[in-house]
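Only one structure is covered here, and it is reproduced in the block below.
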Amino acid sequence: MAITLSVQSDTDQEQRLMMPGTYDWQQFKALESLLAESSGLRITYLDGWIELMTLGEPHELIKSLLGMFLETYFIEMGIEFIPVGSATRRGEEKKTSFEPDESYYLGEKKDNPDLAIEVILSSGSLHKLEKYRRFQIPEVWLWEDNQLRIYFFQNGDYQEVKQSQLLPDLKIDLIVRCVQISSRLEAMRVFKDELRHNERLGK
């Protein structure tokens with residue numbers, strides 16, 4: 001019988017519960033099954049550690065805006081993409097299971113997405129990049145402290161870079177600025193206007 005866990009009484013709060021690194025894969029799967037009907041709850045597994053996280057409205061707003069601007073960029077620039085959202089990445093042999101906030105294949109489908117986005121609004125999370133490293137996802141964007149940090153996978157690990165290596169013409173500071181505009185319509189107008197302006201200038 002499934003257990004429903006009511007954990008999100010405050011829609012503004014993102015809360016985390018860390019469970020010690022003593023759980024094997026089968027125990028994790030059993031807990032995941034018990035919590036399957038708990039809405040607004042994300043479960044992550046890494047090397048025996050289990051993290052439970054509630055998703056507040058600020059978290060969901062930012063991840064939706066990042067996805068909206070990125071998908072607009074793909075469409076405006078004629079880049080073929082496949083959005084797969086928070087589809088779970090899991091592997092018992094990799095000892096991890098997690099859900100990015102947004103993820104995309106660029107061009108065609110592959111073993112794993114080319115780009116993943118994660119929004120971090122509270123401290124205490126499991127190693128931010130290790131779970132992605134095990135799937136060798138080429139590029140990971142982390143939104144934290146009102147900044148967008150870009151990490152590119154090379155030589156077996158992630159290196160922080162100032163510019164997307166997959167989308168070198170995309171201005172990251174433009175996305176950051178537009179996410180923080182209170183009006184969604186105004187933010188999209190600013191974003192599209194600057195994209196088209198840069199395209200006319202050949203930048």
Could you say which residue among GLN147, GLN154 is surrounded by fewer than 16 Cβ atoms within 10 Å (Cβ to Cβ), more than 23 Å from PRO58 (Cβ to Cβ) and out of contact with any Leu (no Cβ under 9 Å at 6 or more places or on another chain)? GLN154
So which of GLU14, GLU37 is surrounded by 16 or more Cβ atoms within 10 Å (Cβ to Cβ) and not hydrophobic (A, V, I, L, M, F, W, C)? GLU14
In the range 12-40, what residues are of a type outside the set (Lys, Arg) and either in a helix (DSSP H, G or I) or modelled with pLDDT under 55 (or both)? TRP25, GLN26, GLN27, PHE28, ALA30, LEU31, GLU32, SER33, LEU34
Quick one: which residue in GLU186, GLU108, GLU92 is within 26 Å of PRO20 (Cα to Cα), at pLDDT 95 or above and surrounded by fewer than 17 Cβ atoms within 10 Å (Cβ to Cβ)? GLU92
I'd like to verify a number: residues in the range 136-178 that are acidic (Asp, Glu) and in a strand (DSSP E or B), how many? 4
How do the pairs read when you match residues in the range 64-79 that are over 16 Å from HIS197 (Cβ atoms) with residues anywhere that are not basic (Lys, Arg), using Cβ under 6 Å and keeping only pairs 6 or more apart or on different chains? LEU65/VAL179; LEU66/ILE117; GLY67/GLU102; PHE74/PHE81
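The values are calculated or read from the model by the stated rules, or taken from the named source; none is laboratory data. Everything numeric here is computed off the predicted structure, so don't read it as measured data. FYI the Cβ positions are ideal-geometry reconstructions off the backbone, even for glycines, and counts take in every protein chain you see.
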